[in-house]
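The values are calculated or read from the model by the stated rules, or taken from the named source; none is laboratory data. This is a predicted model, so every value here is computed, not measured. Cβ placement follows ideal geometry from the backbone for every residue including glycine, while neighbour counts extend to all protein chains displayed.
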Protein chains: 2
Amino acid sequence: MLIRPTTEADIPYVHALMYELAVYEKEPEAVLTTPEEYLRDFLAGRFESMVAEIDGKVVGMTLFFEAYSSWKGRMLYLDDFVVSESYRRFGVGQKLFDAFMAEGHRRGCRMVKWQVLDWNEPALQFYEKNHAIVEKGWWNVKVFFPGHLGDTTVVSP
Amino acid sequence: MLIRPTTEADIPYVHALMYELAVYEKEPEAVLTTPEEYLRDFLAGRFESMVAEIDGKVVGMTLFFEAYSSWKGRMLYLDDFVVSESYRRFGVGQKLFDAFMAEGHRRGCRMVKWQVLDWNEPALQFYEKNHAIVEKGWWNVKVFFPGHLGDTTVVSP
């Protein structure tokens with residue numbers, strides 16, 4: 001098993017893994033990004049990524065970017081973290097997670113952050129095993145822009 | 001009242017406003033950033049900011065950065081949004097919020113996102129008035145790095 005930075009050629013697989021997780025999270029219809037958009041935004045440096053490869057096949061990925069916490073300072077934000085269903089329970093996720101953590105540490109970030117669905121027990125167990133802190137008192141707030149997508153609520157800025 | 005991009009000279013006031021909100025949010029001890037660190041990170045482009053000015057005084061601010069949603073694509077993330085206590089109820093917050101939204105729209109982002117404490121009723125009312133969507137099913141997960149701060153839980157990557 002190899003953990004390595006994502007390349008342009010991996011992007012369709014990274015997008016497919018993201019979609020596989022969105023199905024597991026019961027919100028595939030919430031996905032608006034396309035593989036073409038991922039490629040454009042990846043090449044523009046709008047996100048970074050690592051993949052796990054087994055026998056030449058991309059079986060897992062992390063998708064992250066450098067963010068900022070007004071309280072903590074520099075951080076890495078992990079927006080997606082997926083191991084394909086049939087490759088779970090072999091330590092692929094742990095290796096991907098470790099590589100992500102090492103990257104945040106290497107850059108001098110004070111923390112790494114991500115989110116988890118409150119019912120996703122296997123993920124919560126994994127994060128607790130990795131000594132992560134789970135915060136339950138913050139809600140997400142979002143506004144979508146009209147013309148950019150067909151989501152439920154849009155407003156004019 | 002003037003809403004304008006933050007300059008280097010505003011940074012101490014931006015930091016003080018962030019701290020004022022952290023006190024209101026009952027977590028001043030969670031703040032590890034300093035005004036010096038803000039200045040360094042602002043000049044390095046690690047965050048962006050706008051301020052509200054009244055009679056030459058900085059009375060409010062937004063602190064944000066460009067982020068990425070694996071489901072929605074380009075977005076702006078609003079990490080802090082403060083109007084000083086004695087300047088509330090005069091529409092300063094609405095003008096700062098509108099300027100932030102306009103910035104996200106101008107860049108072609110699909111959405112803007114931020115977080116709110118579940119007990120912060122005035123903030124929730126403001127966001128609902130502005131047609132934002134509040135999501136309650138996601139928890140934050142964080143890991144802090146050793147050596148970078150004196151927080152409660154640290155792990156070695």
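Figure legend. Inter-residue proximity from the stretch B:129-146: first residues free of Cβ contacts under 8 Å to residues at least 24 places away in the same chain, second residues of a type in the set (Phe, Trp, Tyr) and surrounded by 13 or more Cβ atoms within 10 Å (Cβ to Cβ), beta-carbon distance below 6 Å, spacing 6+ or different chains. Indicated pairs: B:Val134/A:Trp139; B:Lys136/A:Trp139; B:Val141/A:Trp114; B:Val141/A:Tyr127. Scanning the stretch A:78-114 for residues being in contact with an Asp or Glu (Cβ under 7 Å, 6 or more places away or on another chain) and among the aliphatic types (A, V, I, L, M) gives a total of 1.
Conditions tested, residue by residue: (1) modelled with pLDDT of 95 or more; (2) within 14 Å of the chain's Cα centre (by Cα); (3) on the phi > 0 side of the Ramachandran plot.
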position	(1), (2), (3)
A:Phe90	no, no, no
A:Ala99	yes, yes, no
A:Gly108	no, no, yes
A:Lys113	yes, yes, no
A:Glu135	yes, no, no
A:Val141	yes, no, no
A:Pro146	no, no, no
A:Asp151	no, no, no
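When the residues of the stretch A:52-81 are filtered to those that are hydroxyl-bearing (Ser, Thr, Tyr) and under 16 Å from the mean Cα position of the chain (by Cα), the one that is surrounded by the fewest Cβ atoms within 10 Å (Cβ to Cβ) is A:Tyr77.
Only a single item in (1) among the hydrophobic types (A, V, I, L, M, F, W, C); (2) farther than 30 Å from A:Glu20 by Cα; (3) free of Cβ contacts under 8 Å to residues at least 12 places away in the same chain is not met by B:Phe42, and it is number (3).
Screening the candidates A:Glu85, A:Glu37 for the property of being of a type outside the set (A, V, I, L, M), surrounded by fewer than 20 Cβ atoms within 10 Å (Cβ to Cβ) and within 10 Å of chain B (Cβ to nearest Cβ) yields one hit, A:Glu37. Please identify the pairs in which a residue from the stretch A:1-30 that is within 18 Å of A:Glu48 (Cα to Cα) and assigned to a loop (DSSP other than H, G, I, E, B) has its Cβ atom under 6 Å from the Cβ atom of a residue that is among the small types (Gly, Ala, Ser) and modelled with pLDDT of 95 or more, counting only partners at least 6 apart or on another chain. What qualifies is A:Thr6/A:Ser49.
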